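S.K.: Structure in structure tokens, see below.
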Amino acid sequence: LRACNIESRGALIVLEGLDRCGKTSQSSRLVSYMEGLGHSVELLRFPDRTTNVGQMISAYLLNQSELDDHTIHLLFSANRWEKRSMMETKLKAGTTLIVDRYSYSGVAFSSAKGVDLEWCKAPEIGLLAPDLVLYLDMRPEKAAERGGYGDERYEHLEFQKKVAQCYQILHDPSWKMVDACQPMEDVQKQLQEIVLDHVLACQKGKPLSLLWS
Ligand code: DGP
Ligand code: NA
Ligand code: NA
């Protein structure tokens, strides 16, 4: 007699939203919370500026280099592809990944410049599909008020308005929209509740799938 061995894997959880919506601090709080519950969990962030590709992206964002819109789009995508196998390995080993931005940023920010939406999606095909997308919803005007923008390329109200419209086109009913204008603790609580449900579903053997699904 053999014990029934159900593979349990980690969940791929993505946070999306405009610049200054609170994604980065909510992502790390979520990781701390999950760790506190005894889950194996890691924080990832895209773009990952530490790789060679990431350094090219960083220079572009800091306005230290100019690149064609399609070229930078492909670099952002390449930056996700270079992490793909590591992500799959970790998920299959049971580690949940909390990811600060993913392919949806890729498509939203490039199509906001007028690059064709379907063209933007193409290089993301075959990346791991998230089990859960958490969208931190905040009006662009509100996000702009929050401590102001830094000096990076995309941190301008008019552009962020276009990005918000592109996220609108991309989002589907599976995304969980969280009102990011609430007090930070309330946002945190809501995210915690949503995430726990999804982590459990993955531990019960929900298979990994690929973009775009
Ligand atoms: P962050 O490090 O999360 O502040 O992201 C840096 C900026 O880059 C931010 O304005 C969002 C933007 N961004 C993130 N991912 C992508 C992407 O894949 N493509 C494009 N064009 N922009 C992105
Ligand atoms: Na930013
Ligand atoms: Na961020």
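The values are calculated or read from the model by the stated rules, or taken from the named source; none is laboratory data. None of the values given here were measured: they were computed from a predicted structure. Counting neighbours? That spans all protein chains shown, and the Cβs are built from the backbone with ideal geometry, glycine included. Calculation scope for accessible area: heavy atoms of the full protein, side chains included, ligands and nucleic acids excluded. Shrake-Rupley method; radii C 1.70, N 1.55, O 1.52, S 1.80 Å.
S.K.: I'm told TYR102 meets every condition in (1) away from ligand 3 (no atom under 15 Å from the Cβ); (2) in contact with a helix residue (DSSP H, G or I) (Cβ under 9 Å, 6 or more places away or on another chain); (3) over 22 Å from SER8 (Cβ atoms); (4) not hydrophobic (A, V, I, L, M, F, W, C) except one. Can you identify the failing condition by its number?
M.R.: Result: TYR102 fails condition (1) only.
S.K.: Within region 125-133, identify whether any single residue is under 20 Å from CYS181 (Cβ atoms), assigned to a strand (DSSP E or B), in contact (Cβ under 8 Å) with a residue 40 or more places away in the chain and within 17 Å of the chain's Cα centre (by Cα), and answer yes or no.
M.R.: yes
S.K.: For region 115-138, give me each residue that is among the β-branched types (Val, Ile, Thr), away from ligand 1 (no atom under 12 Å from the Cβ) and surrounded by fewer than 21 Cβ atoms within 10 Å (Cβ to Cβ).
M.R.: Once the filter is applied, which keeps residues that are among the β-branched types (Val, Ile, Thr), away from ligand 1 (no atom under 12 Å from the Cβ) and surrounded by fewer than 21 Cβ atoms within 10 Å (Cβ to Cβ), region 115-138 yields only ILE125.
S.K.: How many of the residues making up region 36-50 are farther than 15 Å from LEU200 by Cα and without any contact (Cβ under 8 Å) to a residue 12 or more places away in the chain?
M.R.: 3
S.K.: Need at least 3 residues that are open to solvent by 50 Å² or more (accessible area, probe 1.4 Å) and more than 16 Å from ligand 2 (Cβ to nearest atom) per element, so show me which helices (runs of 4 or more DSSP H) inside region 1-114 make the cut, counting only ones lying wholly within it.
M.R.: So the answer is 23-36, 52-61, 69-92.
S.K.: Being part of a loop (DSSP other than H, G, I, E, B), touching a strand residue (DSSP E or B) at 6+ places or on another chain (Cβ under 9 Å) and open to solvent by 20 Å² or more (accessible area, probe 1.4 Å) is the filter here, so list the residues in region 161-177 that pass it. Step through it out loud before you land on a result.
M.R.: Taking region 161-177 first, the residues part of a loop (DSSP other than H, G, I, E, B) are 171-175.
The next check asks that each one be touching a strand residue (DSSP E or B) at 6+ places or on another chain (Cβ under 9 Å); those that pass are 171-172, 174-175.
HIS171, ASP172, SER174, listed by residue number.
S.K.: Of these, GLU158, GLU193, GLU141, which one is within 15 Å of ligand 1 (Cβ to nearest atom), without any contact (Cβ under 8 Å) to a residue 24 or more places away in the chain, not in a loop (DSSP other than H, G, I, E, B) and not aliphatic (A, V, I, L, M)?
M.R.: Matching residue, one of GLU158, GLU193, GLU141: GLU158.
S.K.: If you don't mind, another one. With respect to the numbered conditions (1) touching a residue at least 12 places away in the same chain (Cβ under 8 Å); (2) away from ligand 1 (no atom under 11 Å from the Cβ), which one is the sole condition not fulfilled by GLN64?
M.R.: (1)
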